[in-house]
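The values are calculated or read from the model by the stated rules, or taken from the named source; none is laboratory data. Worth saying up front: this structure is predicted, and the values here are computed from it rather than measured. When we count neighbours, we look across all protein chains shown, and the Cβ atoms used for this are built from the backbone with ideal geometry, even at glycine.
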Number of protein chains: 2
Amino acid sequence: MAGKKWAFEDFVPGATMDLGSKHVTAEEIVEFASEFDPQPMHVDEATGKASMLGGLGASGWHTCSMFMRMMCDAFLLDSTSQGSPGIDYVKWMRPVLADDTLHASSTIVAVRDSSTRPNLGFVTMRAKMLNQRGEQVFELQNTGMFLKRVVA
Amino acid sequence: MAGKKWAFEDFVPGATMDLGSKHVTAEEIVEFASEFDPQPMHVDEATGKASMLGGLGASGWHTCSMFMRMMCDAFLLDSTSQGSPGIDYVKWMRPVLADDTLHASSTIVAVRDSSTRPNLGFVTMRAKMLNQRGEQVFELQNTGMFLKRVVA
């Protein structure tokens with residue numbers, strides 16, 4: 001797919017896109033949480049270890065944000081994306097801990113034309129992230145808006 | 001509610017919590033987006049103005065993260081929170097632009113006991129954020145886990 005600019009027509013239901021990997025450091029976890037989610041288990045390792053997380057755990061919003069960057073780098077920055085109306089759901093299934101390496105993929109669930117803008121379509125995707133032990137830590141279903149390559 | 005540590009029992013369906021206000025700067029928008037969502041309309045003002053957003057617009061995940069910090073400061077850091085299993089949905093209804101001031105509130109939708117942990121309960125809340133013109137920009141429904149003050 002190198003050199004290709006992704007447009008609405010390129011998203012085929014059932015197809016799965018590899019979104020690559022991301023190593024998560026303690027410094028990143030503390031930096032994000034200090035600004036946006038300073039609960040003790042996200043900013044202090046000892047508190048995290050004693051919590052349900054079992055270690056210094058990333059804020060769930062940090063996990064979402066890391067996923068967004070992986071999606072950007074995998075295809076979104078090279079696409080006709082017009083943004084997103086929202087997220088269908090997010091599941092934080094297991095803790096994301098310092099030194100974890102996450103691997104993400106996203107499967108196209110459905111596509112539909114915009115009813116008001118003939119040059120636009122909606123793409124619904126379901127993504128998951130696994131850690132280095134193959135355990136699923138995250139699931140998300142989101143919908144993006146993409147310009148069409150060919151307008152009927 | 002000053003000096004009170006929020007526990008499961010304090011969340012009453014129908015009650016609304018004021019989560020305060022947040023002014024959004026262009027610098028914050030670009031800083032977040034550069035790391036997590038470097039789509040052109042989030043990092044470049046001219047591109048943002050020419051896009052559907054109509055200005056330098058915050059990443060939707062930045063809006064979520066700012067909401068999380070408002071929730072932390074309003075009550076979560078002074079609560080028995082044990083984290084969250086996920087988000088029911090997010091709606092990004094209007095752009096959040098540089099120099100906007102957001103105001104958030106959250107209404108308790110439902111509470112239920114954990115079926116496996118007698119000292120824990122689930123609280124489902126529906127939050128919204130308005131901008132300085134009173135326009136709703138964001139809606140989210142989330143569920144948090146809180147320890148009980150009294151275990152039956």
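What the table below lists for this structure:
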{"read-out": "Residue check for A:Leu76: facing another protein chain (nearest Cβ under 9 Å) and either of a type outside the set (Val, Ile, Thr) or surrounded by 21 or more Cβ atoms within 10 Å (Cβ to Cβ) (or both)", "value": "yes"}
{"read-out": "From B:Asp37, B:Asp99, B:Asp113, residue being more than 22 Å from A:His42 (Cα to Cα) and under 19 Å from the mean Cα position of the chain (by Cα)", "value": "B:Asp99"}
{"read-out": "Leading residue by the ranking (surrounded by the fewest Cβ atoms within 10 Å (Cβ to Cβ)) among those in region A:1-51 that are among the β-branched types (Val, Ile, Thr) and touching a residue at least 24 places away in the same chain (Cβ under 8 Å)", "value": "A:Val12"}
{"read-out": "Qualifying residue in region B:19-34 (condition: more than 10 Å from chain A (Cβ to nearest Cβ), in contact with a helix residue (DSSP H, G or I) (Cβ under 9 Å, 6 or more places away or on another chain), part of a loop (DSSP other than H, G, I, E, B) and on the phi > 0 side of the Ramachandran plot)", "value": "no"}
{"read-out": "Number of the condition not met by A:Gln132 [criteria: (1) buried (at least 16 other Cβ atoms within 10 Å of the Cβ); (2) within 30 Å of A:Ala50 (Cα to Cα)]", "value": "(1)"}
{"read-out": "Contacts under 7 angstrom Cβ, first residue in region A:119-136 being touching a residue at least 24 places away in the same chain (Cβ under 8 Å), partner buried (at least 17 other Cβ atoms within 10 Å of the Cβ) and of a type in the set (Asp, Glu), 6 or more apart", "value": "A:Asn131/A:Asp100; A:Gln132/A:Asp100"}
{"read-out": "Complete set of residues in region B:79-96 that are among the hydroxyl-bearing types (Ser, Thr, Tyr) and either within 15 Å of the chain's Cα centre (by Cα) or buried (at least 21 other Cβ atoms within 10 Å of the Cβ) (or both)", "value": "B:Ser79, B:Ser81, B:Ser84, B:Tyr89"}
{"read-out": "Tally, over region B:39-84, of residues that are more than 22 Å from B:Leu120 (Cα to Cα) and touching an Asp or Glu at 6+ places or on another chain (Cβ under 9 Å)", "value": "11"}
{"read-out": "Meets criteria (closer than 24 Å to B:Met41 by Cα and at pLDDT 95 or above) for A:Lys148", "value": "yes"}
{"read-out": "Test for B:Leu140: is it surrounded by 23 or more Cβ atoms within 10 Å (Cβ to Cβ) and over 15 Å from the mean Cα position of the chain (by Cα)", "value": "no"}
{"read-out": "Checking A:Ala74 against (1) in contact with a Pro (Cβ under 8 Å, 6 or more places away or on another chain); (2) at pLDDT 95 or above, the condition it does not meet", "value": "(1)"}
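Yes/no matrix, rows are residues, columns are (1) part of a loop (DSSP other than H, G, I, E, B); (2) at the interface with chain A (Cβ under 7 Å from one of its Cβ atoms):
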| site | (1), (2) |
| --- | --- |
| B:Met41 | no, no |
| B:Gly48 | no, no |
| B:Gly55 | yes, no |
| B:Gly83 | yes, yes |
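A quick yes/no check of all residues on (1) at pLDDT 95 or above; (2) in contact with a strand residue (DSSP E or B) (Cβ under 6 Å, 6 or more places away or on another chain); (3) within 11 Å of chain B (Cβ to nearest Cβ); (4) assigned to a strand (DSSP E or B):
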| site | (1), (2), (3), (4) |
| --- | --- |
| A:Met66 | yes, yes, yes, no |
| A:Arg69 | yes, no, yes, no |
| A:Val90 | yes, yes, yes, yes |
| A:Ser106 | yes, yes, no, yes |
| A:Val123 | yes, yes, no, yes |
| A:Arg126 | yes, yes, no, yes |
| A:Gln132 | yes, yes, no, no |
| A:Leu140 | yes, yes, yes, yes |
